[in-house]
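Let me begin by presenting the structure, written as structure tokens, before commenting on it.
The values are calculated or read from the model by the stated rules, or taken from the named source; none is laboratory data. Predicted, not measured: the structure shown is a model, and the values here were computed from it. So basically every Cβ, Gly included, is an ideal-geometry build from the backbone, and we count neighbours across all protein chains shown.
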Amino acid sequence: MFACIFVPNFPVAAVFRAEPELRAQAVAVFEGKPPLEKVFAVNESAGRVGIAPGMTKAQAELCSELTLHPRSRLQEASAHAALLDCAQSFSPRVEDAALDTALVDLAGMESLFGSLPEIAHAMSQRIAGLGLEANVAVASNPDAAALAGRGFSGVTVIPQGKEGESLGSLPVEVLFAGWIEGEREGKKKEDERRKNSERLLATLERWGIRTLHSLAALPEVALSERLGQEGLRLRQLARGAAFRTLVPVETPAVFEEGVELEHPIVLLEPLAFLLNRLLEQICARLASRALNTQELRLTLELESLSSRNQEAQISNQQFCRTLRLPLPMLDPKLFLKLLQLDLSAHPPGAPILKIHLTAEAARPRSAQGGLFLPPSPEPEKLELTLARIASLVGESRVGSLELLDTYRAEGFRMKRFVPGTYSDGTVSETVRQKAAAEEKSAVTALRMFRPPLRATVTLENGEPARVLCSKKKEVQGAVLWKAGPWRSSGDWWEREAWSRDEWDIALQTADGAGLFRLMHDLLGGSWFVEGSYD
């Protein structure tokens, strides 16, 4: 058995998916270059007020109740991708029949999703959740399912062997109602197919053939003599007896949504409203495929004004931001807040003309807490907290320290913070090795003074004998014990080279004895007390 998911009036449906508030209005979609724009598609409300495809935009503008919307290839591509996502959530064998049609092989799917009527209703509900209103039809062959999907509204299930009887009431126009897209087939091939369809339809009308039942009743030999093989193919389609194999499509695991703006926007508040809609659409598509995402890429097409030869010319440039998540997630509200914080720290700086959002698909994470491990914060809340802190203090000041392979003092860099335990409660290998090393050896803590304390050092035989520190009188006195020096130098090839001697000393202070680290800057000649030992 095969299923067909057909979206009637696809250009208008793509607009309604991107802008749901237009569903209650009379809408006409136009295309073309000014001043030759023509109405391309209309919804039922626009048809009732006298708007029809082929009218010029100037004629349609005379209707005050009408909302005119330019045709958007980007919105149609996103709606088509959502249609394929819905189909592939039920079966791995899906044929991309047209921009408005997807054919699904349901062989073996009844054990997973239930009976055929249950599968058809589940498809209808899922495609509605993705923002599209579609007809769903189930039949024993792909072409019969496609005809039923184009001819009957809602959900239709044709029993096996009843194809001709069920399709007989449909008008013959449904055989030529496949939505043709010039960019998919080529303009020349599209024109040839349209002319051939119009010729065949005119011939059938002259014969008085109005329904598929009448076409199926024509004698096979006589029809072949007059219309050739094309007439036999149409007769087979009308009888519901055309059998063929599906041509499965393989779609990449990248989910994209975009919107083209009629007027540029500057403020982040309207941008957040549009981003919220795009994120909800992407998350709905990911959820239909049982996937999460770990990386979001936002691309904004900006408007910039450049002057050339004393003439102002408009040129567009792209602004890209990438949001990498520590774990696969699927929360549109969290994604929106993270993008808002990122854009607040890195504003686009120019009016925005187009918004494009891409999500890399990832398998959902499995979470299971450990019985004997302390609970760790939820990854979503932790990521949002870190993003808020980064927006206040800067991205370079948030993260965890990573020691560098160098002898330079305080040689480290900031890296992305990763919790010590995973979401399933297991301890990471790095944390496990660190804990094992700490158990084997005792470590004395060195509390660093930031900035280090400048000191005056009295030397005897080239070694420190007394230390005076005016800023902190607790760090001064006679040297009771010393070890060193440990000399380190490096980065001589750069301007800021470093060369230093380090001493570990014990001082007789007013409060008793204390252990300190003393550093001699060999390039500047100054002495500093860098810290104290616990």
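Miscellaneous remarks
- Residue within the range 472-482 that is surrounded by 11 or more Cβ atoms within 10 Å (Cβ to Cβ), small (G, A, S), modelled with pLDDT of 75 or more and within 30 Å of S400 (Cα to Cα) present: no
- Evaluation of G531 against (1) at pLDDT 85 or above; (2) among the small types (G, A, S); (3) under 24 Å from L403 (Cα atoms); (4) outside any strand (DSSP E or B) (one fails), failing number: (4)
- Some residue of the range 78-99 being among the basic types (K, R) and under 21 Å from R277 (Cβ atoms): no
- When the range 489-504 is limited to residues that are in a strand (DSSP E or B) and surrounded by fewer than 16 Cβ atoms within 10 Å (Cβ to Cβ), the one that is modelled with the highest pLDDT turns out to be S499.
- Contact map, the range 381-394: first residue farther than 22 Å from L330 by Cα, second residue of a type in the set (S, T, N, Q), Cβ cut-off under 8 Å, separation 6 or more or different chains; pairs are S391/S344.
- With a requirement of 1 or more residues that are closer than 22 Å to L130 by Cβ and either among the aromatic types (F, W, Y) or modelled with pLDDT under 85 (or both), the helices (runs of 4 or more DSSP H) lying completely within the range 195-295 that satisfy it span 268-288.
- The set of residues in the range 505-514 that are loosely packed, with under 12 Cβ neighbours inside 10 Å and of a type in the set (G, A, S) comprises A510, G512, A513.
- Matching helices (runs of 4 or more DSSP H) fully within the range 330-447 where at least 2 residues are modelled with pLDDT of 85 or more: 332-345, 379-393
- Here is the figure for the range 506-526: residues that are under 10 Å from P452 (Cβ atoms) and over 55 Å from the mean Cα position of the chain (by Cα) total 1.
- Cβ pairs under 6 Å, 6+ apart, first in the range 88-104 and among the acidic types (D, E), second buried (at least 20 other Cβ atoms within 10 Å of the Cβ): E95/L103; D100/V7; D100/F10
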